[in-house]
Amino acid sequence: MDILLEVDISDSGYEFGDPKVKDVSLAIRPGKLTGLIGANGAGKSTVLKTILGIMPYAEASIRFKAGYEQYAYIPEHPVFYENLTLWEHLDLAAAVYGMGQHELELEGERLLDRFRMTEARHHLPGGFSKGMRQKMMLMIGFLSRPDIYIVDEPFIGLDPRAIKDFLSLLEEERQRGAGILMSTHVLDTAERICDDFVLISQGRIAAQGTLEEIRSTAAMPEASLFDCFDRLAD
């Protein structure tokens, strides 16, 4: 299968000589959802920041398939401008993505309706709940329908209906051929929706592959992802 994005991290950290992750390699493939899992402080965010090119120090190779360089990053903590409304955030994102006005109207309205945010389109996010701000981040990420999604802990703050809407959109994008790398602590959901996993422990890969391969590494052939995680993560 083709690879949309291939990542090889020798080491990465906030200063030379103090790496937070070492020897991490992974690939994002069309139509596949890879779950990046690990305990707090294991190095998941460092992996994502290295892929995004924002770590102060990194020895890494980040290789996009030619013609598939467009990606969306959905952060764990919402980032927004206090003086811009929800729709103005979408308008700004559309300009960055190079989208035309018609495409913005079409996709923006679709996402407003999907996440039940139509009535908030002209409201400032400073007055939003945590869940509404997270939905705004998801809408901005899905707006341009990119080739690759890099998603950091998307479930925090979302209510069950918003989670269902998010997972439904993810599945649609997978069917379209987009590849997804998602960091998450919600292991029961990850077990159900991910095609494969990268388990990070103390900055290194402790296990990698499908659920069956993770079970094999943990020597627990019938175990849940949570139980395998409990055995493999330090």
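Scanning the stretch 198-208 finds one or more residues that are on the phi < 0 side of the Ramachandran plot, free of Cβ contacts under 8 Å to residues at least 40 places away in the same chain and in contact with a Ser or Thr (Cβ under 6 Å, 6 or more places away or on another chain). Sub-9 Å Cβ pairs linking a first residue in the stretch 174-185 that is farther than 12 Å from Val198 by Cα to a second residue that is at pLDDT 95 or above and of a type in the set (Ser, Thr, Tyr), at least 6 apart or interchain, are Ala178/Tyr149; Gly179/Thr34; Gly179/Tyr149; Ile180/Thr34; Ile180/Tyr149, ordered by first then second residue.
To keep it simple, each residue is scored yes or no on (1) outside the structural domain of Thr210 (by TED's automatic domain parsing); (2) among the charged types (D, E, K, R); (3) within 19 Å of Phe64 (Cα to Cα); (4) crowded, with 16+ Cβ neighbours inside 10 Å.
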| site | (1), (2), (3), (4) |
| --- | --- |
| Leu4 | no, no, yes, yes |
| Val7 | no, no, yes, yes |
| Asp11 | no, yes, no, yes |
| Lys20 | no, yes, no, yes |
| Val24 | no, no, yes, yes |
| Ile28 | no, no, yes, yes |
| Lys32 | no, yes, yes, yes |
| Ile37 | no, no, no, yes |
| Gly41 | no, no, no, no |
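A search for C-beta distances below 8 Å between a residue of the stretch 57-77 that is outside any strand (DSSP E or B) and any residue that is charged (D, E, K, R), counting only pairs 6+ apart in sequence or on different chains, returns Lys65/Asp2; Tyr68/Asp147; Glu69/Asp147; Gln70/Asp147; Pro75/Asp152; Glu76/Asp152; Glu76/Glu153.
Restricting attention to the stretch 173-198, the residues being hydrophobic (A, V, I, L, M, F, W, C) and assigned to a strand (DSSP E or B) number 5.
The values are calculated or read from the model by the stated rules, or taken from the named source; none is laboratory data. In this text, all values refer to a predicted model and were calculated from it rather than measured experimentally. Heads up, the Cβs are rebuilt from the backbone with ideal geometry, glycines too, and the neighbour counts pull from every protein chain shown.
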